[in-house]
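Just below is one structure, and these are the notes that go with it.
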Amino acid sequence: MLSRFKFAKIYDFCLGLVFSILINLLGALIPIIYFPAFFTSDKKIGDKGAKSWALISIWLLKKICKIDYKIIGIENIPKEPCIVACKHQSMWETIVMHLIFHRPVYAYKKELEKIPFYGWFLTRMSGISVDRSGGAKSLKDIIKQSKQYIDNNQSIVIFPQGTRVPVKSDSKNYPYQVGVTAIYLSCKVKVVPVALNSGLYWPKNSITKKSGTVIIEFLKPIEIGLSREEFMSNIEEIIENKSNELIPEKY
């Protein structure tokens with residue numbers, strides 16, 4: 001007979017599998033429902049589709065996997081457009097920002113555009129496609145797109161480490177990239193550091209989810225005017241220290 005522990009693990013895996021199937025089906029369904037987005041240069045329709053996807057995904061996550069969330073520091077988000085520099089531990093934070101910000105602009109890997117349905121729809125939403133092999137040319141393009149979205153009164157969500165990182169990972173192994181610094185210096189807007197612990201409940205590359213409450217904390221904005229070195233030092237220290245505080249000592 002299966003032990004209670006093994007049964008619980010199998011049960012959690014099955015719930016996670018059901019959620020994964022549903023969220024992927026949803027990712028295929030949304031582009032069909034919002035198909036007019038493919039026939040207009042206005043990305044508002046695509047952004048509405050993205051918000052619908054996010055609302056349903058967060059609801060499914062709560063109902064199936066028993067994962068809820070708590071927002072701290074919402075008052076630290078400026079009323080004007082800003083850069084949101086968020087810790088990246090799971091897919092969860094790529095969903096929830098659609099519920100916190102109006103038409104947020106994600107910086108995302110260009111390779112994602114190759115994914116059927118979901119990837120195709122990415123090009124019809126507000127977003128900054130990042131070609132990680134493009135070097136200086138790609139960075140210039142990121143800055144250009146960022147300025148356009150800021151001028152359009154939209155905030156930009158960027159993951160400074162450029163990829164999902166395991167809980168309590170060393171930033172030396174997952175270094176902070178230059179992209180967020182370049183945007184900060186060029187666009188001259190405030191940067192809101194964001195800490196979270198989503199990796200505790202939705203680990204990287206894992207179907208199994210763990211029930212609980214994700215904490216996402218918006219910290220005090222970094223004001224305009226810091227040097228490149230000051231900004232890079234501040235953003236990493238602030239995000240890493242606070243994210244580690246959100247992880248239980250026993251983990």
Only unsatisfied item for residue 97, checking (1) aliphatic (A, V, I, L, M); (2) modelled with pLDDT of 95 or more; (3) not in a helix (DSSP H, G or I), is (3)
Taking region 114-143 and keeping only residues that are within 18 Å of the chain's Cα centre (by Cα), in a helix (DSSP H, G or I) and hydrophobic (A, V, I, L, M, F, W, C), one is left with 121, 122, 142
Name the residues in region 149-179 that are among the charged types (D, E, K, R), more than 15 Å from the chain's Cα centre (by Cα) and in a loop (DSSP other than H, G, I, E, B), would you?
168, 170, 172
So in region 68-94, with the set limited to residues that are of a type outside the set (Val, Ile, Thr) and part of a helix (DSSP H, G or I), which one is surrounded by the fewest Cβ atoms within 10 Å (Cβ to Cβ)?
75
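Per-residue answers, yes or no, for (1) crowded, with 21+ Cβ neighbours inside 10 Å; (2) at pLDDT below 95; (3) farther than 20 Å from residue 74 by Cα:
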{"site": "195", "(1), (2), (3)": "yes, no, no"}
{"site": "199", "(1), (2), (3)": "yes, no, yes"}
{"site": "213", "(1), (2), (3)": "no, no, no"}
{"site": "218", "(1), (2), (3)": "no, no, no"}
{"site": "248", "(1), (2), (3)": "no, yes, yes"}
Which residue is surrounded by the fewest Cβ atoms within 10 Å (Cβ to Cβ), if the candidates are limited to region 116-130 and must be without any contact (Cβ under 8 Å) to a residue 24 or more places away in the chain and over 27 Å from residue 224 (Cα atoms)?
123
Tell me which of these residue 194 doesn't satisfy, since it passes every other one: (1) assigned to a strand (DSSP E or B); (2) touching a Pro at 6+ places or on another chain (Cβ under 7 Å).
(2)
Which one of these does residue 177 not meet: (1) touching a residue at least 40 places away in the same chain (Cβ under 8 Å); (2) more than 17 Å from residue 80 (Cβ to Cβ)?
(1)
Flag if residue 242 is within 19 Å of the chain's Cα centre (by Cα) and at negative phi:
yes
Residue count for region 184-205, restricted to those that are over 17 Å from the mean Cα position of the chain (by Cα) and not basic (Lys, Arg)
5
Contact list, first residue from region 61-83 and at positive phi and of a type outside the set (A, V, I, L, M), second anywhere and assigned to a helix (DSSP H, G or I) and modelled with pLDDT of 95 or more, beta-carbon distance below 9 Å, six or more apart or interchain, is 66/15
What number of residues within region 16-59 are among the aromatic types (Phe, Trp, Tyr) and either surrounded by 15 or more Cβ atoms within 10 Å (Cβ to Cβ) or in contact (Cβ under 8 Å) with a residue 24 or more places away in the chain (or both)?
4
Quick one: in region 161-184, of everything that is closer than 19 Å to residue 108 by Cα and of a type in the set (Ser, Thr, Tyr), which residue is surrounded by the most Cβ atoms within 10 Å (Cβ to Cβ)?
184
Test residue 146 against the stated conditions and say whether it is touching an Asp or Glu at 6+ places or on another chain (Cβ under 8 Å) and either assigned to a helix (DSSP H, G or I) or surrounded by fewer than 19 Cβ atoms within 10 Å (Cβ to Cβ) (or both).
no
With criteria (1) over 25 Å from residue 23 (Cβ atoms); (2) surrounded by 14 or more Cβ atoms within 10 Å (Cβ to Cβ); (3) at pLDDT 90 or above; (4) not aliphatic (A, V, I, L, M), residue 153 comes up short on (2)
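The values are calculated or read from the model by the stated rules, or taken from the named source; none is laboratory data. This is a predicted model, so every value here is computed, not measured. Positions of Cβ are generated from backbone atoms using ideal geometry, with glycine treated the same way; all protein chains shown enter the neighbour counts.
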